[in-house]
1. Which FRET efficiency value, to the nearest 0.05, is calculated for M1 and D78 with the Förster distance at 35 angstrom and r the Cβ-Cβ distance?
2. So if each residue of separation counts as 0.36 nm, and I subtract the Cα-Cα distance between A58 and R244, what length gain in nm does that give?
3. To the nearest 20 Debye, how big is the dipole of segment 37-131 about its Cα centre, given +1 on the beta carbon of each Lys and Arg and -1 on that of each Asp and Glu?
4. Per residue, how much accessible area does segment 4-143 show when a 1.4 Å probe rolls over the protein heavy atoms, in square angstrom?
5. Could you state how much accessible area D178 has, in square angstrom rounded to the nearest 10, with a 1.4 Å probe and all protein chains kept in place?
6. Keeping every protein chain in place, order K35, K72 by accessible area at 1.4 Å, biggest value first, i.e. largest first.
7. Of T34, G120, Q73, which is farthest towards the positive pole of segment 4-143's charge dipole, taken about the Cα centre with +1 and -1 on the beta-carbons of Lys, Arg and Asp, Glu respectively?
8. Strictly over 29 Å apart at the Cα level, which of K27/K114; K131/K213; K43/K213; K3/K43 would you flag in this model?
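The values are calculated or read from the model by the stated rules, or taken from the named source; none is laboratory data. All values derive from a computational prediction rather than experimental measurement. Neighbour counts run over all protein chains shown; Cβ positions are idealised from the backbone, glycine included. Calculation scope for accessible area: heavy atoms of the full protein, side chains included, ligands and nucleic acids excluded. Shrake-Rupley method; radii C 1.70, N 1.55, O 1.52, S 1.80 Å.
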Amino acid sequence: MMKYVIITENDVSQWKDSTGREYHFPKRYLKYLTKGTSVIYYKGLMKDRSFASKRMTASAHYFGIAQIGDVKQDNDSDKNDYYAEIVNFRPFSSPVLAKQDGQFLESIPTSKIKNYWRDGVREINEECFKKIFSLSDLNDFDATNDSDQGDLESYSRSEGKSKLVYSTKYERDNTLRDKAIEYHGLTCMGCGFNFEKVYGEWGAGFIHVHHTKPLSNGEGEREVNPRTDMVVLCPNCHSMIHRRKNRTLNLDELIILLKTKTPN
Ligand SMILES: [Zn+2]
Ligand SMILES: [Zn+2]
């Protein structure tokens, strides 16, 4: 049976956590955080305003889904702590508030009413997981936009499908995004479209980042080089690259299509 767990990221932490990559935790959570478990990242209410710029909202919220990879003992800790490798991280572009219409999305067992939120790691049921996922923009994206099936596929990969997929998780990693833009600039590498040139100040800084290396099933986390493994594309070109589920175009193929289209 699939397990679903909420993991909390604190603004101030004693751990050397890295969002979407590594999650440290005390031994008592070992039974929840096993390999393959689906997790949702959670941040509690903001306590210190100096963190405002580093968060999506001051309210308690969920901000991404992922899975637990290998779990190891933390040798740097003298308290017998553990850490889990985080795989398939997919951040939400906008937060899912923990409390909606006066009700928490997580159902709190009566036995835990007083101290439920004290636990940073909380097991939830499938229904709750699906509810939070459905409220996220990842769900929107999958439902309304056929252009980035990579998202859906990298998610279902966890559910036993074995095929070569292009993962968009890297495309949503802000650090990698920034680096890719640093190298490649803000002009579409397919068609040359530049948002600032066409839309002025309003379009400045806008571009999609596409990850060009496929991930095969079973392959773990890998190093991504934003210069060689990522390209910048306008949304049209990005959509065309992901047009068909069974095959993702590479940049050269896209450029050939653009050059060979019949002029009317
Ligand atoms: Zn383009
Ligand atoms: Zn892409």
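1. Values: r = 35 Å, r/R0 = 1.00.
Step by step, r from the Cβ atoms, then E = 0.50.
2. Details: separation 186, 0.36 × 186 = 66.96 nm, distance 3.93 nm.
Taking A58 through R244 to full extension adds about 63.0 nm, to one decimal.
3. Values: 15 positive and 13 negative charges, 110 e Å.
Charge dipole of segment 37-131: 520 debye, to the nearest 20.
4. Numbers: 7620 Å² over 140 residues.
Accessible area per residue: 54 Å².
5. 90
6. Numbers: K35 140, K72 90 Å².
I get K35, K72, largest accessible area first.
7. Ranked along the dipole, the leading option is G120.
8. Details: K27/K114 22 Å; K131/K213 31 Å; K43/K213 31 Å; K3/K43 20 Å.
Where the Cα-Cα span goes over 29 Å, the pairs concerned are K131/K213; K43/K213.
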